[in-house]
1. Output the residues belonging to region 53-71 that are more than 24 Å from the chain's Cα centre (by Cα) and outside any strand (DSSP E or B).
2. Being in a strand (DSSP E or B) and touching a helix residue (DSSP H, G or I) at 6+ places or on another chain (Cβ under 6 Å) is the filter; apply it to region 556-597 and report the residue that is nearest to Arg501 (Cα to Cα).
3. With respect to Asp613, is the statement that it is closer than 23 Å to Asp159 by Cβ, open to solvent by 10 Å² or more (accessible area, probe 1.4 Å), at pLDDT 95 or above and in the same structural domain as Leu280 (by the TED database) true?
4. Checking Lys113 against (1) in contact with a helix residue (DSSP H, G or I) (Cβ under 6 Å, 6 or more places away or on another chain); (2) surrounded by fewer than 16 Cβ atoms within 10 Å (Cβ to Cβ); (3) at pLDDT 95 or above, which test does it fail?
5. Might you check whether a residue that is at pLDDT below 95 and among the hydrophobic types (A, V, I, L, M, F, W, C) occurs anywhere in region 76-85?
6. Give the residues of region 446-462 that are assigned to a helix (DSSP H, G or I) and surrounded by fewer than 22 Cβ atoms within 10 Å (Cβ to Cβ), sorted by residue number.
7. Among the residues in region 225-243, are any hydrophobic (A, V, I, L, M, F, W, C) and more than 26 Å from the chain's Cα centre (by Cα)?
Amino acid sequence: MGVLTVAAAAAKSALTIAGISKLTFIPAMLAAMAYFNYDLLDPENRPFNQKYLREEYDFIIVGGGSAGSVLANRLSEVEGWNVLLLEAGGHETDISDVPLLSLYLHKSKLDWKYRTQPQDSACQAMKDKRCSWTKGKVLGGSSVLNTMLYIRGNRRDFDQWEAFGNPGWGYEDVLPYFKKSEDQRNPYLARDNRHHGIGGYLTVQDAPYNTPIGAAFLQAGEEMGYDIVDINGAQQTGYAWYQFTMRRGTRCSTAKAFLRPVRLRQNLHVSLFSHVTKVLIDKDDKRAYGVQFIKDQQKQIVYAKREVILAAGAIASPQLLMLSGIGPAQHLQEVGIDVIQDSPGVGRNLQDHIAVGGLVFEIDYPISLIMSRLVNINSALRYAVTEDGPLTSSIGLEVVAFINTKYANSSDDWPDMEFMMTSASIPSDGGTQVKRAHSITDEFYDEVFGHLTNKDVFGIFPMMLRPKSRGFIKLRSKNPLEYPIMYHNYLTHPDDVGVLREGVKAAVAVGETKAMKRLGARFNNKPVPNCKHLPLYTDEYWDCMIRQYTMTIYHLSCTAKMGPSTDPMAVVDPTLQVYGVKGLRVIDASIMPTITNGNINAPVIMIAEKGSDMIKETWLPKRRKRNAKSSKFSEKGANEQQEHRGVQQRPWTSAIPEEPQMRCRPLRW
């Protein structure tokens, strides 16, 4: 009955979006989902929420997102190491599995619902002129809420990291870690074993469902002189079908990929709804020895024998560092926190990818994704039975393009603009959830997009890849439950305005190609509010427009950057250990010195893969260091990966006798 209940809830939620309230199809839907996808609906597949924790673990990982899930898997491979993963949210839901519905998770209970301070430089079309920063508050983190795009970045990104003084982080150093995670399901891509891996925990595949608009995008790219490429291969510049972190038509979050296959390991505990509020640091020898957290409305502590690892993301990790006394000394003193380590780079250097929303093109044929037309009983059954159909579309994202504006060196394969090309856009859901997810005001939507509601359209979102503007976060107070103050500082550097303006012009030009004109493409020419006083389509108009519907792609990063000891703004060293504090690392998007050329989920997973190996190199005896890549680890990893791909294996358990378990020691304040 549990399966039927879950399936009913998933079906009802999905189809309510299309305004269907009488679920007369439920018996067929339930039978199909229970028969064909029972393994997805079986709650026993999820990691256990450990109720009783040990008093001490070897490693405590804070944050069960894209990085934390990988770290928990890899560190618990080692017999004798007890690992605790603390996550502030709960389990992902069955709705989060459905690719088409990802935007319906924004501002849900799975989202931290961060909002930036109002600034005049961007986000003028948003409510209160504040950008919404969606971050996953759920096991699997933002990999549960994102659009599942698998893009590694450019080789020059990582070579630049190394040039900044971070040995071991060049492209050739990190490529094996990308491949280690990957299970590439496209056979044409997988045969390029120089750049792709198979058999890893993370399933990567092409979308099962595309519209004719996707093929037209590729034709338009060729018409404009670009190659059709594998964007995770030898060349990034060009057009390509997106690659997705999907498995059998459903989302493959890092929780599903890395935690479910190892949920029976007795040396790995996962504690959900556990909000970490502070890292405990000995002030005398400056060593992290545990964390305090809130669970079940009780303040608790747990101790770390070896290391505490922050994998809470580019907002929460620097926030926790500052709450624990690591950060800009003057700021910490202002909010009443004792300074343990003066680290001026904590919370600074914030980088994000922003795009211009609202570049919408109307077409003449009923081939786009319109929610009211496609979310119905037929689509639901097709999704359940054949793992195909419009519900497997990632909100219409079909084709990606990496292009050069006039500000980039076109002779070098390091483009400065990414086009996210969709067979839908903001009016495709009837002006409901997309508008809400992006915090667009009703007045702006009605004036610019109201006439296109539920009409056939496609969208192009030009995304600037290497911003020069830098934001920052700081504490609002020493109360750990208060969100930090967040300044995006988008478009405060004049070069960013120029690059994004040229990206908009290039996107409009795509709609003028013969390939798109065959569909009847015509750009939505409604003038943007606040810019009507400027001549339409002049540089001044575009500069004004990009400050209105400024859309974050939720790639917040670089707030605890990695760098050499000679860099005063570096927070962690090249082994990701926090400067000035022993037994503490940061392993997530925070450590990026500069943001990568593309969507950042794949690089974050790579950082965790590499970081876990660095931890093993630190703590394993020399005889095991030499054998870190020996058959013992390889065989164990292969067995577990076979298990998650359906090959029956005996569950692995630690050879160490189980220690008596106890409730975490309550913390008295």
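The values are calculated or read from the model by the stated rules, or taken from the named source; none is laboratory data. Since the model is a prediction, treat every value here as computed from it, not as a measurement. Reconstructed Cβ throughout: ideal geometry from the backbone, glycine too, with neighbour counts over all protein chains shown. Accessible surface areas use protein heavy atoms only, side chains included; no ligands, DNA or RNA. Shrake-Rupley method; radii C 1.70, N 1.55, O 1.52, S 1.80 Å.
1. Listed by number, the residues that qualify are Leu53, Arg54, Glu55.
2. Ser557
3. Numbers: closer than 23 Å to Asp159 by Cβ: yes; open to solvent by 10 Å² or more (accessible area, probe 1.4 Å): yes; at pLDDT 95 or above: yes; in the same structural domain as Leu280 (by the TED database): yes.
Criteria met by Asp613.
4. Of (1) in contact with a helix residue (DSSP H, G or I) (Cβ under 6 Å, 6 or more places away or on another chain); (2) surrounded by fewer than 16 Cβ atoms within 10 Å (Cβ to Cβ); (3) at pLDDT 95 or above, only one is false for Lys113: (1).
5. no
6. Residues satisfying the conditions are Asp446, Glu447, Gly450, His451, Leu452.
7. No, region 225-243 contains no residue that is hydrophobic (A, V, I, L, M, F, W, C) and more than 26 Å from the chain's Cα centre (by Cα).
Per-residue answers, yes or no, for (1) open to solvent by less than 10 Å² (accessible area, probe 1.4 Å); (2) hydroxyl-bearing (Ser, Thr, Tyr); (3) more than 30 Å from Cys131 (Cα to Cα):
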residue: Ile546; (1), (2), (3): yes, no, no
residue: Pro564; (1), (2), (3): no, no, yes
residue: Met569; (1), (2), (3): no, no, no
residue: Val572; (1), (2), (3): yes, no, no
residue: Gln577; (1), (2), (3): no, no, yes
residue: Ile591; (1), (2), (3): yes, no, no
residue: Gly598; (1), (2), (3): yes, no, no
residue: Val604; (1), (2), (3): no, no, no
